[in-house]
Amino acid sequence: MEDGFKSKFGFCLFIIFIIFLIVGGYFFTKKMINSDFTFNNKDNDRVINYKIDENKDYIYFINENTISKEANLVYKDVVINIKGEEKLTESLEAENKANKESVMYISKQGLPNLDGVYNYDDIYALFQRNYEVFDFGGYVSLVIKDYSYSCFDLLTFKSSKSYVYDTLEGKRLSENDLLSKYNITLEEIKNKIREELNNSQIIEDGVEIIKIDETLNNFQNYSLYINDFGKLCITYLVKSMDKDYNLNMEV
């Protein structure tokens, strides 16, 4: 009799334990699902909140117009699809319009001959703008590089600028924001650039082709951005005895 009682009591305890597991598991799972939903919904709200058009990328292009396929000369307008950046988009569009109006044609220049001339679609000279877009996690970067083009020496780098956004906050990051985030100073970056340029220096007839001191002593034409791998990068103007150019470097 006592054994039967113990058996029934043990069975009851087992049933209670199973019920506890089922009920506890139900509420735990429900809490986790609700928690995940709230987190994901919060992220989705952020995306919808800061995008002007939620069906477009944060940075996209419109009005593409190929001036010369051979020379890869293309004009297009960039749209920054983040609320609060509408005026910047308009400003960049105005700059691009001025570039498109700069086009000059060889046939209208009255050149005595075309020796040494790159005759790509009759283009004599223009101002060209190239774009690069990088996306890493919650950061999107737009890098703009401006060039002059002529039929004598093709593209020559002139300047660059960049716009970096924290898309989860809908905020454009300043240079100081980026330097602070990556715990580095501009002077440390310049030291790295000097080392890189020294390693790639070319000497012709005893003359250094890369003007390293001139490049770094007037270090204003550069842009910081975050690349697709989350690395802080810089694009900068290099002064040269031949022709100025730009380089990119992870910092």
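Quick notes on this structure:
- Yes/no for Leu154 being farther than 17 Å from Asn227 by Cα, modelled with pLDDT of 95 or more and among the aliphatic types (A, V, I, L, M): yes
- Complete set of residues in the stretch 105-136 that are of a type outside the set (Phe, Trp, Tyr), touching a Phe, Trp or Tyr at 6+ places or on another chain (Cβ under 8 Å) and in a loop (DSSP other than H, G, I, E, B): Gln109, Gly116, Val117, Asp122
- The stretch 77-94, residues that are part of a helix (DSSP H, G or I) and exposed (fewer than 14 other Cβ atoms within 10 Å of the Cβ): Glu86, Lys87, Glu90, Ser91, Ala94
- Taking the stretch 159-174 as the range and being surrounded by fewer than 18 Cβ atoms within 10 Å (Cβ to Cβ), touching a residue at least 60 places away in the same chain (Cβ under 8 Å) and in a strand (DSSP E or B) as the test, the residues that pass are Ser159, Lys161, Arg172.
- Evaluation of Gly206 against (1) closer than 29 Å to Tyr149 by Cβ; (2) modelled with pLDDT under 95 (one fails), failing number: (1)
- Complete set of residues in the stretch 196-215 that are of a type outside the set (A, V, I, L, M, F, W, C) and surrounded by 10 or more Cβ atoms within 10 Å (Cβ to Cβ): Glu196, Asn198, Ser200, Gln201, Glu208, Lys211, Asp213, Glu214, Thr215
- Test: Ser141 is among the polar types (S, T, N, Q), modelled with pLDDT of 95 or more and either under 13 Å from the mean Cα position of the chain (by Cα) or under 18 Å from Thr89 (Cβ atoms) (or both): yes
- Criterion (at pLDDT below 95, of a type outside the set (Val, Ile, Thr) and surrounded by fewer than 15 Cβ atoms within 10 Å (Cβ to Cβ)) met by exactly one of Asn183, Asn191, Asn218: Asn218
- Only residues that are in contact (Cβ under 8 Å) with a residue 60 or more places away in the chain and closer than 13 Å to Met249 by Cβ were counted across the stretch 218-232, and they come to 5.
- Failed condition for Asp228, given (1) assigned to a loop (DSSP other than H, G, I, E, B); (2) outside the structural domain of Tyr60 (by TED's automatic domain parsing); (3) over 22 Å from the mean Cα position of the chain (by Cα): (3)
- Scanning the stretch 187-217 for residues that are without any contact (Cβ under 8 Å) to a residue 12 or more places away in the chain, of a type outside the set (D, E, K, R) and assigned to a helix (DSSP H, G or I) returns Asn191, Asn199, Asn217.
- Single unsatisfied condition, Lys145 versus (1) over 12 Å from Asn246 (Cβ atoms); (2) touching a residue at least 24 places away in the same chain (Cβ under 8 Å): (1)
The values are calculated or read from the model by the stated rules, or taken from the named source; none is laboratory data. Please read these numbers as outputs of a predicted model, since none were measured by experiment. Don't worry about glycine lacking a Cβ; one is built from the backbone with ideal geometry, like all the others, and counts go over all protein chains shown.
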